[in-house]
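What follows is a single structure, written as structure tokens, with notes after it.
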Amino acid sequence: MMCYRAVHPCAWRSYNEEEPCVLRFVNLEAHENQRAHHTLGLGSQGLVLRRGQPFRLMLLFQGRAWSPRSEGLVFQVLLGSLVETVPVQWSRSWSPGPGWSAHCSPGDVHPMSATIQLCSPASASVGLYRLAVQIESPAGARHYVVGSFVLLCNPWSKEDSVYMPLEPLLQEYVQSDCGLVYMGTPHNVSSRPWAFGQYEPLVLEVCLSLLQVSPQHLRNEQVDYVRRSDPVYLSRVVCAMVNCNDDRGVLQGKWDGRYGGGMAPTEWNGSAEILTRWAGSDFRPVRYGQCWVFACVLCTVMRVLGVPSRVVTVFNAAHDTNGNLVIEEVFTRRGEKCPRSSRDSVWNFHVWVECWMERPDLGSGFGGWQVVDPTPQERSAGCQGVSPSTVTSCCEPALATGEFCCGPAPVWAVRRAAVGVPYDTAFVFAAVDADVVRVILDRDRVLGRSVDRTSVGRLVCTKTPGTDRPEDLTRLYKGPNGAKRNLDATAKWADETGLSPSLSVSLTLEEVPALGRSIRLCVSLSNRCGRRRLLRWHLHAQLKQFDSDACAPFWHVHKELHLQAGEVVDLHHSILPSDYESLLTCTDIVNATVVVKDTSTKERVLATEEFSLPSPHISFQVQGGDSVQVKTERAVHVSFTNTLTTPLSKAVLTLEGFGLFPAKLYSRAVLLEPHQTMKLDLSIMATCPGTKLLVATVSHGNGHAVIAREFHRVVVTGPTPVVNQ
């Protein structure tokens, strides 16, 4: 389909010819260019291109034909106040140079038209460009405004600093518009879907607006435009803009469980709604987000800008605020986990983003995956404390030290404990390799202390390309010996434990827990001394969220037993479904802790375990299968059966379909008895191709606690709509 854009002369100098060559129309060949540039579907209208790759446009003249031997064509490419002048080379062969270039071969010149190829450098800045052309002859010049185009990074180009060589990885980390976020605990990894939504209407335009309202752009527009050529700079700007702590950022974080005036973080399932809400409210922050929401929105923006990105989950992630690589956890003498007494903490999981890029600012060896974390935990250290010999160039001061952003930190540097490498590598290293000191406390008196050097960063994973399985990245973050450095930080704790090495305790799950079944725990006690012991032990279970303090115990047992010299005993206990089903949501985590006391010596030892339970199943049925054609209506049947042993009051089934239907659908609230089923029937119709998500949740009770969440993929095939030019 040939679509032409009328051009407008905006300036001219006098001509002496009776019949000048006048440019009448320009065909931007948007569909063909965007197919070659892997940008089909990006943007609601206009031309979207990738840097370092030629694109074609056709000029149509009137009056008389263009004469390339006597008349020159000169393009002007404008980004803000930055202007590049690009004369068209007329020759049979052409090799794009390091800067902007343009070419026309003799075979592309026709009586009243000419096809021109333009090419940007692989280091061109990302942004919305304006394009103009000038026809020059000995008699004068005529200047025309052609239109505009968006230029993005190009991971398909070997010359680009975000180049990624394997096509399956490009499909997963740039083109895929849906994915998974892993949650829960290392023992029971769960996943939730996320629609990145980069092909949804207006998402590209909002991502460009994000750059325009950043403090860096408002502070110095020209410097910002120049620095947008660097994905390191782009990632820091976008990271800071995803949270709103010190700018007009996208998301406001909230972790206290009270979400009045906004949506709970667990209710979000895609980035497009968040980004378009933010732009539609004159860039007021959207409420509310937590780590996975921040990370998924950042991943969307970076994929839109052309930087390969993936969402990564760290299980047992440490938040080390004072930089000593030690996190302290406090328990009562009965084993109840106490509220945190400092800002240091260990989250059951934390989600950040890895972006793929070279690091010319650091020299060779630091390229590849870089951690970029938009969750506003600490202010960035920037290049503070870094030796000038370490860094060849730096984003500062264009991006001020002290803003709420983290990274990019090279994963290579994290694994090698190179904590001085920018940006914020020390903070990322602590998140995956800090030590945990567990203290048993009674009225400010320390009864026992132990050091755990292995639980932090127990598992690091992301979605495996092409499948829904998690890919284990732990070895990329942690060396063979945990990359332990600076052991002095915990050596003093090990020397002061005061615990008898002759008494040990462990706490394990006997099987993977599941909702509707008993949770089976095993406490193992070992008496390695030469005397008989009388032991008193307390075993507790508490509910908590991934990033919060534990609630009061919902289940406990305490007993005494005699343990003979050299004896090892296993104690088995079960938490019945009736003990936890009425309390649990699909985001809750169970903390189980056992404290064992020697009644003679008063010595105490402790073991703790945290785990999550999988959600009940939600069933999807798409009429005719899971592959559908664009603009073809299909019926969908969604159902949920209560497999718990208790009824669910005010149960509601909710369905979202990103790119399949416009708004959320809700079932009528019902009392759902055990083994009863609730259903939701609807029709879907996609307007553009790609992988789309159906996301269903089941909530219940006055607090609308979500008990189940599940997704279903629908593959939409067919032609991409032609872009307006």
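Applying the selection to the range 574-590, what residues are part of a strand (DSSP E or B) and farther than 13 Å from Gly184 by Cβ?
Ser574, Ile575
Quickly run through the range 600-640 and pick out the residues that are assigned to a loop (DSSP other than H, G, I, E, B), open to solvent by 50 Å² or more (accessible area, probe 1.4 Å), farther than 30 Å from Pro577 by Cβ and touching a residue at least 24 places away in the same chain (Cβ under 8 Å).
Ser600, Thr601, Lys602, Glu603, Asp626, Lys631, Thr632, Glu633, listed by residue number.
Any residue at all in the range 641-651 that is free of Cβ contacts under 8 Å to residues at least 24 places away in the same chain and not in a strand (DSSP E or B)?
Taking every residue of the range 641-651 in turn, none turns out to be free of Cβ contacts under 8 Å to residues at least 24 places away in the same chain and not in a strand (DSSP E or B).
Quick one: which of Pro87, Pro96, Pro106 is touching a Pro at 6+ places or on another chain (Cβ under 9 Å), surrounded by fewer than 18 Cβ atoms within 10 Å (Cβ to Cβ), over 14 Å from Leu151 (Cα atoms) and not acidic (Asp, Glu)?
Every option except Pro106 fails the conditions.
Are any residues in the range 153-191 closer than 30 Å to Thr508 by Cα and in a loop (DSSP other than H, G, I, E, B), and if so, which ones?
Pro186, His187
Between Thr593, Thr646, Thr641, Thr585, which is touching a helix residue (DSSP H, G or I) at 6+ places or on another chain (Cβ under 8 Å) and more than 30 Å from Thr717 (Cα to Cα)?
Thr646
Is it the case, given these coordinates, that Leu47 is at pLDDT 95 or above, buried (at least 20 other Cβ atoms within 10 Å of the Cβ) and either among the acidic types (Asp, Glu) or over 26 Å from Leu218 (Cα atoms) (or both)?
No: the conditions fail for Leu47.
Restricting the search to the range 328-361, which residues are modelled with pLDDT of 90 or more, crowded, with 22+ Cβ neighbours inside 10 Å and assigned to a loop (DSSP other than H, G, I, E, B)?
Residue satisfying the conditions is Arg359 alone.
Determine whether the range 197-205 contains at least one residue that is closer than 21 Å to Cys406 by Cβ and either touching a His at 6+ places or on another chain (Cβ under 8 Å) or open to solvent by less than 10 Å² (accessible area, probe 1.4 Å) (or both).
For the range 197-205, residues closer than 21 Å to Cys406 by Cβ and either touching a His at 6+ places or on another chain (Cβ under 8 Å) or open to solvent by less than 10 Å² (accessible area, probe 1.4 Å) (or both): absent.
Per-residue answers, yes or no, for (1) part of a strand (DSSP E or B); (2) open to solvent by 10 Å² or more (accessible area, probe 1.4 Å):
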{"residue": "Phe294", "(1), (2)": "no, no"}
{"residue": "Val307", "(1), (2)": "no, no"}
{"residue": "Val314", "(1), (2)": "yes, no"}
{"residue": "Asn322", "(1), (2)": "no, yes"}
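Report, by residue number, each residue of the range 56-76 that is more than 15 Å from Arg142 (Cβ to Cβ) and touching a residue at least 60 places away in the same chain (Cβ under 8 Å).
Arg56, Leu57
Conditions (1) surrounded by 18 or more Cβ atoms within 10 Å (Cβ to Cβ); (2) of a type outside the set (A, V, I, L, M, F, W, C); (3) touching a Lys or Arg at 6+ places or on another chain (Cβ under 7 Å), marked per residue:
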residue	(1), (2), (3)
Glu136	no, yes, no
Ala141	no, no, yes
Val150	yes, no, no
Glu159	no, yes, no
Val162	yes, no, no
Cys207	yes, no, no
Gln212	no, yes, no
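Here is a list: Val628, Val596. Which entry is modelled with pLDDT of 90 or more and out of contact with any Leu (no Cβ under 8 Å at 6 or more places or on another chain)?
Val628
Do we have Val83 as modelled with pLDDT of 95 or more and in contact with a Ser or Thr (Cβ under 7 Å, 6 or more places away or on another chain) here?
Answer is no for this residue.
Checking the structure you have, find out if any residue of the range 306-315 is more than 18 Å from Phe427 (Cβ to Cβ), of a type in the set (A, V, I, L, M) and either modelled with pLDDT of 90 or more or touching a Lys or Arg at 6+ places or on another chain (Cβ under 6 Å) (or both).
There is at least one residue in the range 306-315 that is more than 18 Å from Phe427 (Cβ to Cβ), of a type in the set (A, V, I, L, M) and either modelled with pLDDT of 90 or more or touching a Lys or Arg at 6+ places or on another chain (Cβ under 6 Å) (or both).
So in the range 443-479, with the set limited to residues that are among the β-branched types (Val, Ile, Thr) and under 17 Å from Val371 (Cβ atoms), which one is most open to solvent (accessible area, probe 1.4 Å)?
Among those residues, the one meeting the criterion is Thr474.
The values are calculated or read from the model by the stated rules, or taken from the named source; none is laboratory data. Every value quoted in this text rests on a predicted model; they were computed, and no experiment measured them. We place every Cβ from the backbone using ideal geometry, glycine too, and count neighbours over all the protein chains shown. Quick note on the areas: whole protein, heavy atoms, side chains included, nothing else; ligands and nucleic acids left out. Shrake-Rupley method; radii C 1.70, N 1.55, O 1.52, S 1.80 Å.
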